[in-house]
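The values are calculated or read from the model by the stated rules, or taken from the named source; none is laboratory data. Computed from a predicted structure; not experimentally measured. Methodologically, a virtual Cβ is constructed for each residue, glycine included, from the backbone with ideal geometry; neighbour enumeration extends over all protein chains shown.
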Amino acid sequence: MPNAFDHLDSNVSNYCRQWPVVFDRAVGSHLYDESGRAWLDFFTGAGALNYGHNHPDLKKALLAHLERDGLVQGLDMWTGPRRLLLSTLDEVVLRPRGLDYKVQFSGPAGTTAVEAALKLARKITGRRRVVGFVNGFHGMTLGAQSLAGSARRHDTGVPPRDTVLIPFDDGTTPSAPGADRWAVLDGDGTDPPAAVVVETVQGEGGVNVARAEWLRSLSAACRRNGVLLIVDDVQMGCGRTGPFFSFEAAGVRPDIVCLSKSLSGYGLPLGLTLFRRELDRWRPGEHSGTFRGVGPALLTAARALELFWADDALADRTAVNAAVLARSLADIAGRRPDLDPVVRGRGMVWGLALRRPGDAAAVAREAFRRGLLVETAGPRDEVVKLMPALTIPADELARGLRILADAVDALPGAPVARRQEQEGMLA
Ligand SMILES: *Cc1c(COP(=O)(O)O)cnc(C)c1O
């Protein structure tokens with residue numbers, strides 16, 4: 001009998017190539033393979049597990065729902081979990097922030113939340129062009145892919161249409177509003193676009209952090225031109241940068257917000273598209289999908305909001321952890337000036353960029369060997385990306401950072417090893 005994975009699992013599967021073990025159980029910040037070996041998790045399901053694996057309170061709610069035969073597949077019918085999620089979102093997240101958003105259950109994923117946002121923006125403005133940013137990532141469906149900044153744009157078989165990519169904040173552009181970097185919004189001889197789609201921190205793009213003033217300047221340019229500002233908070237929302245929404249610190253108010261990944265709190269598929277109340281010009285059924293009302297996901301999402309966002313405790317904890325991560329990464333980088341390391345991040349998302357090709361992947365491989373899951377990001381996969389659970393205990397965070405330090409220390413410094421690495425890549 002051939003190995004089922006080798007025989008049937010498509011070549012397209014990716015993480016299994018980096019971590020070739022069969023995972024079995026997971027609790028908090030640990031995953032276990034079938035032999036019981038543990039890995040510490042600085043990957044958290046690519047950001048879908050901000051509260052760790054199988055949180056006991058969420059699990060309890062989930063099991064109770066299943067036990068009483070609560071509806072699992074509900075399309076967009078009214079159900080108890082749907083009402084609970086809406087009312088909890090309103091009470092815990094929207095009202096305290098003065099956000100008068102309506103809520104579209106746009107599908108099970110991040111990419112479906114983005115597609116709904118694009119369709120609504122084009123419908124409302126009557127314009128077609130949408131602006132995205134170099135090194136942005138918004139998902140794998142056609143509309144989202146057409147906005148993928150260079151490196152994450154895969155060949156979809158059709159050319160991207162009606163999209164423009166402009167440079168993301170590089171920290172050096174002048175911050176005065178009206179500077180010509182917003183020319184494409186200010187009508188550089190053409191009509192303004194329908195919308196701009198932005199991540200406040202580019203996750204897949206390599207943990208590129210936009211400054212607050214840059215975001216405010218972008219928001220002002222959108223406002224000047226009636227361009228809708230869409231924040232893709234699929235990865236950086238739900239507290240990843242500290243506050244619930246990643247744009248809060250900058251004080252901007254997006255017209256449309258996309259959420260998914262950690263929204264269900266339990267790793268269950270759920271996406272939402274939020275938009276200003278006046279933008280709710282959908283007709284019933286004008287946008288739909290089968291998986292827009294998965295009871296268990298709605299329920300754990302509501303419980304997660306209640307559990308983690310009714311007060312500032314988690315955001316405060318993230319601020320403390322952010323300082324720990326910044327300090328440890330600065331130490332790690334300081335020991336290896338030969339690698340040209342650059343440290344960047346916010347909250348609980350950090351990147352260690354290593355200039356030499358293959359180094360970041362080598363660190364991730366070595367970390368895996370030593371019992372830590374970390375992934376790489378960036379246009380050349382040159383960034384080691386750290387996304388521990390927001391709930392990780394201090395000692396586990398410290399232990400993961402020690403493993404990372406050892407993995408970086410283990411990188412060869414000699415040119416001979418570097419040549420071997422490049423030959424390996426060509427082979
Ligand atoms: C992951 C991600 C998406 C896509 O989410 P899927 O659930 O994989 O479709 C969209 N935007 C951002 C910023 C993401 O990180």
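Quick notes on this structure:
- Selection from region 267-318 of residues that are farther than 30 Å from GLY28 by Cβ and among the hydroxyl-bearing types (Ser, Thr, Tyr): THR273, SER288, THR290
- Residue satisfying condition, being acidic (Asp, Glu) and either assigned to a loop (DSSP other than H, G, I, E, B) or under 30 Å from THR88 (Cβ atoms) (or both), within set ASP338, ASP331, ASP381: ASP381
- ALA407 meets all of the listed conditions (1) surrounded by fewer than 16 Cβ atoms within 10 Å (Cβ to Cβ); (2) more than 27 Å from PHE137 (Cα to Cα); (3) among the small types (Gly, Ala, Ser) but one, namely (1).
- Of all the numbered requirements in (1) surrounded by fewer than 20 Cβ atoms within 10 Å (Cβ to Cβ); (2) more than 11 Å from the ligand (Cβ to nearest atom); (3) over 15 Å from ILE256 (Cα atoms), LEU89 misses one, and that requirement is (1).
- For region 5-25, the count of residues that are in contact (Cβ under 8 Å) with a residue 60 or more places away in the chain and touching a Pro at 6+ places or on another chain (Cβ under 8 Å) is zero.
- Hey, ARG402 farther than 30 Å from PHE105 by Cβ, of a type outside the set (A, V, I, L, M) and touching a residue at least 24 places away in the same chain (Cβ under 8 Å) or not: no
- Those residues of region 245-271 which are more than 12 Å from the ligand (Cβ to nearest atom) and either within 18 Å of VAL209 (Cβ to Cβ) or touching a Ser or Thr at 6+ places or on another chain (Cβ under 8 Å) (or both), in sequence order: PHE245, PHE247, GLU248, ALA249, ALA250, GLY251, VAL252, ARG253, PRO254, ILE256, GLY265, TYR266
- Selected residue (only one of ASP316, ASP280, ASP312, ASP233 is among the charged types (D, E, K, R), more than 16 Å from the ligand (Cβ to nearest atom) and touching a strand residue (DSSP E or B) at 6+ places or on another chain (Cβ under 6 Å)): ASP280
- Residue pairs meeting the criteria (Cβ under 7 Å; at least 6 apart or on separate chains; first over 17 Å from GLY52 (Cβ atoms), in region 295-315; second among the hydroxyl-bearing types (Ser, Thr, Tyr) and part of a loop (DSSP other than H, G, I, E, B)): GLY295/THR79
- Options LEU84, LEU58, LEU63; residue that is exposed (fewer than 15 other Cβ atoms within 10 Å of the Cβ) and away from the ligand (no atom under 16 Å from the Cβ): LEU63
- Pairing each residue of region 241-259 that is not assigned by TED's automatic domain parsing to the domain that holds SER217 and of a type outside the set (Asp, Glu) with any residue that is part of a loop (DSSP other than H, G, I, E, B) and within 16 Å of the ligand (Cβ to nearest atom), provided the two are 6+ apart or on different chains, yields no C-beta distance under 7 Å.
- When the residues of region 198-249 are filtered to those that are aliphatic (A, V, I, L, M) and in a loop (DSSP other than H, G, I, E, B), the one that is surrounded by the most Cβ atoms within 10 Å (Cβ to Cβ) is VAL234.
- Within region 86-108, residues that are within 23 Å of ASP311 (Cα to Cα) have Cβ atoms under 9 Å from residues that are part of a helix (DSSP H, G or I) and of a type in the set (Val, Ile, Thr) in these pairs: LEU99/VAL93, counting only partners at least 6 apart in sequence or on another chain.
- Restricting region 148-186 to residues that are modelled with pLDDT under 85 and of a type in the set (Lys, Arg), the residue that is surrounded by the fewest Cβ atoms within 10 Å (Cβ to Cβ) is ARG153.
- Residue in region 356-365 that is touching a residue at least 60 places away in the same chain (Cβ under 8 Å) and either part of a strand (DSSP E or B) or touching a Lys or Arg at 6+ places or on another chain (Cβ under 7 Å) (or both) present: yes
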